[in-house]
Amino acid sequence: MSTVVKFANPSPADTGSDPEQPQISHADSFVELEDVTVTYGRGKNVVRALDTTTLRVKAGDFVALVGPSGCGKSTILKLVGHLIGASSGYVYVAGREVGAEPVRIGMAFQNPTLLPWLKIRDNVMLPLKIVPPFRGEYRTKRKTEFRDRCDALLKQVGLDGFGDKYPWQLSGGMLQRASLCRALIHDPQLLLLDEPFGALDQFTREELWAIMQELWMTRKPTVLLVTHDLREAGYLANRICVMRARPGQIIDDSQIEFPRPRTMAMTYEPEFVALNQRLRELIVEARGAPAASAIPEATP
Amino acid sequence: MNSNVRRKIASAFLIFGFFVLWELLCLAFHVSDVVLPRPSQVIYTLIVRFPAMWPHIFQTVYTTLLGFVLGVSIGVVIGVFIGWSKLAYDVAYPMLVGFSSIPKVAVVPIFVLYFGAGTVPAVLTALVMCIFPVVVNVATGLATTEPELEDVMKTLRASRFDILWNVGLPRAMPYFFASLKVAVTLSFVGSVIAETVASNRGIGNLMMIASASFDVPLVYAGLFVLAGLGIALYAIFSLVEARVTGWAHRKTEFAMG
């Protein structure tokens with residue numbers, strides 16, 4: 001799991017850090033982006049999705065990424081999940097260059113993406129079928145240990161007794177809970193959430209925030225949450241990074257100090273509202289920023 | 001449910017009415033059975049001459065099913081291959097379209113040239129007829145995997161085979177079974193075509209001989225058998241489809257089972 005401190009010196013001086021020795025990194029951060037840029041397309045049609053971004057996330061931290069659409073929030077998740085590569089710069093996860101070493105990652109999206117032909121329980125257990133330490137034991141334990149583990153998790157998110165149902169028998173909020181279970185069943189070190197509550201109604205969403213907070217507090221994975229909802233970010237995260245678009249960059253990084261467990265009532269207290277307002281202004285500013293900033297608009 | 005039953009009764013009446021009308025019109029206008037036999041005459045012929053027809057029926061079913069099984073197996077392999085790899089899809093697709101647009105009757109003489117008249121050309125024609133729909137459907141099913149789901153699998157470090165086995169193939173199943181219905185009907189057509197052109201057995205051949213000797217009721221009896229077999233094969237594969245891929249037709253009849 002998370003590495004012991006080997007060499008902790010997060011000074012910008014070693015940005016170029018030897019490609020020969022990528023394992024030497026800043027060990028107190030679990031996820032680290034170092035001067036990362038991501039561009040799509042080539043020639044005239046090049047689009048800069050992420051512009052020289054540096055971000056360090058401590059192990060067990062809960063970081064929310066907020067910002068206008070197209071600011072590269074999801075790009076950061078994809079980089080960390082090793083779904084795309086950086087055009088330049090380095091991405092480290094668990095002290096190694098991303099992809100170099102297997103890290104258990106859970107992922108959930110706005111769309112629950114459960115497999116319609118499997119029961120909820122089998123859907124949730126899908127990662128156990130794939131991820132190495134469990135993979136070899138899947139056949140022997142799927143009716144015993146894994147099943148109990150899955151049912152316990154389902155119970156924790158309020159889906160007790162729904163393991164034998166098929167996805168189309170459940171409502172949207174229930175599917176999203178199941179999707180969270182699937183993201184957590186293999187005890188991930190890193191949880192990547194891309195607007196997981198975006199498509200739900202207000203009350204279901206708030207219910208799921210409470211569940212999410214509880215899951216995080218009991219398991220302490222490192223979480224990166226992409227969201228449009230500032231209340232959600234304030235309620236769940238320890239730290240909020242505000243991004244702006246074109247070029248995608250982090251323009252504000254604040255620690256959220258509200259005590260845990262947080263309650264829904266807290267989100268209406270003056271300090272919380274003040275935080276929300278400050279973030280909101282930052283985003284409005286980021287959106288409204290004239291395109292004069294740096295790179296000229298590259299349209300096809 | 002009620003309207004469903006009513007619809008089924010209406011369909012049954014339409015079919016039954018069609019034959020009754022046929023029968024009555026033939027009787028009313030005194031149509032000779034050399035021109036158009038009445039359904040009752042056809043069914044009589046069918047019953048009386050069934051022992052003589054049986055080997056032909058068996059032959060047709062045999063060549064159809066053999067060609068179908070071989071064709072589907074080949075079709076699945078090709079379909080998985082080109083659905084799995086974008087490159088293979090792009091490269092192979094034009095050629096597949098070319099092959100599929102050849103009228104299949106045209107290949108029968110070639111098969112006869114190599115294998116002589118008889119069972120082999122019929123099986124091969126059935127085979128080539130049913131490959132294409134299977135290939136296209138399996139490839140489409142594999143290609144429509146949600147990208148987000150693929151992302152989930154990739155972050156779990158699933159291999160391409162893991163993704164294919166756990167996500168791609170099950171996702172392609174409804175497409176595959178839908179194609180089986182079409183494929184079995186097509187391979188049936190293929191084998192009958194081959195029999196009419198070059199064979200000494202099979203229902204196609206029986207109908208050719210009967211028409212040459214103006215045994216029109218027998219020709220029609222052959223047609224009835226073909227219709228019955230076609231419907232039976234289609235029905236069997238529809239049933240299999242509904243059973244295996246019920247999840248894809250959710251909320252209609254399989255809900256809250």
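The values are calculated or read from the model by the stated rules, or taken from the named source; none is laboratory data. None of these values were measured; they are calculated from a predicted model. Cβ placement follows ideal geometry from the backbone for every residue including glycine, while neighbour counts extend to all protein chains displayed. All accessible areas refer to the heavy atoms of the entire protein, side chains included, with ligands and DNA or RNA removed. Shrake-Rupley method; radii C 1.70, N 1.55, O 1.52, S 1.80 Å.
Points worth noting:
- Output for the range B:151-186, where each listed residue is assigned to a helix (DSSP H, G or I), open to solvent by 40 Å² or more (accessible area, probe 1.4 Å) and within 9 Å of another protein chain (Cβ to nearest Cβ): B:154, B:173
- Selection from the range A:29-74 of residues that are surrounded by 24 or more Cβ atoms within 10 Å (Cβ to Cβ) and within 14 Å of chain B (Cβ to nearest Cβ): A:31
- Each residue in the range A:131-175 was checked for being among the β-branched types (Val, Ile, Thr) and surrounded by fewer than 20 Cβ atoms within 10 Å (Cβ to Cβ), and 2 of them qualify.
- Matching option when the condition is part of a strand (DSSP E or B), open to solvent by 10 Å² or more (accessible area, probe 1.4 Å) and away from every other protein chain (no Cβ under 14 Å), among A:211, A:240, A:250: A:250
- Residue match in the range A:214-225 (condition: surrounded by fewer than 21 Cβ atoms within 10 Å (Cβ to Cβ) and outside any helix (DSSP H, G or I)): yes
- Selected residue (criterion: most open to solvent (accessible area, probe 1.4 Å)) from residues of the range A:80-103 that are modelled with pLDDT of 85 or more and within 8 Å of another protein chain (Cβ to nearest Cβ): A:82
- Pair list, Cβ under 7 Å, 6 or more apart: the range A:221-233 residue of a type in the set (Asp, Glu), other residue open to solvent by less than 10 Å² (accessible area, probe 1.4 Å): A:232/A:197; A:232/A:209
- Taking every residue in the range A:105-129 that is more than 7 Å from chain B (Cβ to nearest Cβ) and pairing it with any residue that is assigned to a strand (DSSP E or B) and open to solvent by 10 Å² or more (accessible area, probe 1.4 Å), at least 6 positions away or on another chain, the pairs with Cβ-Cβ distances below 9 Å are A:108/A:194; A:110/A:194.
- In the range A:38-51 there is at least one residue matching the filter, namely being of a type in the set (Ser, Thr, Tyr) and assigned to a strand (DSSP E or B).
- Some residue of the range B:125-142 being within 14 Å of chain A (Cβ to nearest Cβ), crowded, with 18+ Cβ neighbours inside 10 Å and in a helix (DSSP H, G or I): yes
- Only one of B:24, B:66 that is assigned by TED's automatic domain parsing to the domain that holds residue B:232 and open to solvent by 60 Å² or more (accessible area, probe 1.4 Å): B:66
- Residues (open to solvent by 20 Å² or more (accessible area, probe 1.4 Å), in contact with a helix residue (DSSP H, G or I) (Cβ under 8 Å, 6 or more places away or on another chain) and under 28 Å from residue B:176 (Cβ atoms)) located in the range B:191-235: B:192, B:193, B:226, B:229, B:233, B:234
- Restricting attention to the range A:190-205 and to residues that are surrounded by 22 or more Cβ atoms within 10 Å (Cβ to Cβ) and within 13 Å of chain B (Cβ to nearest Cβ), the residue that is farthest from residue A:111 (Cα to Cα) turns out to be A:190.
- Hey, residue B:147 within 12 Å of another protein chain (Cβ to nearest Cβ), farther than 18 Å from residue B:127 by Cα and in contact with a Phe, Trp or Tyr (Cβ under 9 Å, 6 or more places away or on another chain) or not: no
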